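The structure under discussion appears below in the form of structure tokens.
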Amino acid sequence: MEKKRCNWCGTDPLYIEYHDTEWGVPIYEDAKLFEFLILETFQAGLSWITILRKRENFRAALDNFDYKLISKYNQTKIDELLLNAGIIRNKLKIKATITNAQAFMQIQNEFGSFSTYIWSFVNNVPIKNSWNSMSNVPATTVLSDTISKDLKKRGFKFVGSTVIYAHMQATGMVNDHIKDCFRYHEV
């Protein structure tokens, strides 16, 4: 019998794998939280499947998403990234990645970890929604608005409320699997 899934993953094997193993699983490791934050910022205005297909290219181009290295990127590295056809070659998003790595480390210094900071917005407990259909799932919430504003105040770029809500979904801060999806009770 075919497993019931959220319909957004369709039939693409990469999308199905991501849905079945990653989306909505709580992440507490700073390195992984940073990876998802960067991928979500590059996704702004594009489809998530585009980003998933380029994920390994991003990993190679961005030093395995090492925020300490990324925070020190210079113009030579920016120029190199702008020539890399394997990633999204958007100058503003590339520069934002560097800025966000620096701001990420400032949050780590202030809170001990980015995880402590970001998970405090949900009192360290994932929000479990009860949607009957993906059409009910919002693109933003009051909470994603709040987090977005706070991140922007701290110097982050490309972290609008929609990007932040997608980040919350991806990293398990919120479980937006529909109720009849097989992953709903697993995450």
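For LYS128, enumerate residues with amide H under 5 Å from its amide H, sequence gap 5+ or separate chain, H modeled in the peptide plane.
ASN175
Rounded, prolate or oblate, given the Cα gyration tensor of the chain, with a/c below 1.5 counting as rounded?
oblate
How high is the relative contact order of the chain, given as a whole-number percent (alpha carbon pairs under 8 Å, six or more residues apart)? Don't skip to the answer; put the middle values down first.
Values: 225 pairs, mean separation 61.2, N = 187.
That works out to 33 percent.
ILE178's amide H: which non-local residues (gap 5+, or another chain) put their own amide H closer than 5 Å, with H modeled 1.01 Å from N in plane and none for Pro or chain starts?
Amide H neighbours of ILE178: CYS6.
Give me the percent of the accessible area of region 9-65 that comes from carbon and sulfur atoms, probe 1.4 Å, all protein chains in place.
Numbers: 1310 of 2340 Å².
Whole-percent figure for carbon plus sulfur exposure: 56.
Once you order the gyration tensor axes a ≥ b ≥ c over the Cα atoms, which shape class does region 28-94 get: rounded for a/c under 1.5, otherwise prolate or oblate by comparing a/b with b/c? Walk me through the intermediate numbers first.
On the way: a/c = 1.68, a/b = 1.06, b/c = 1.59.
In terms of gyration-tensor shape, oblate.
Of the listed pairs LYS32/LYS77; LYS4/LYS153; LYS4/LYS95; LYS95/LYS179; LYS72/LYS128; LYS32/LYS179, which have alpha-carbon separations greater than 30 Å here?
LYS4/LYS153; LYS4/LYS95; LYS95/LYS179; LYS72/LYS128
Could you report the chain's accessible area per residue, 1.4 Å probe, as an integer in Å²? Let's see the in-between values first.
On the way: 9080 Å² over 187 residues.
On a per-residue basis, 49 Å².
The values are calculated or read from the model by the stated rules, or taken from the named source; none is laboratory data. Model, not experiment: these values are computed from the prediction. For the accessible areas, the whole protein counts, side chains as well, though only heavy atoms, and no ligand, DNA or RNA atoms are used. Shrake-Rupley method; radii C 1.70, N 1.55, O 1.52, S 1.80 Å.
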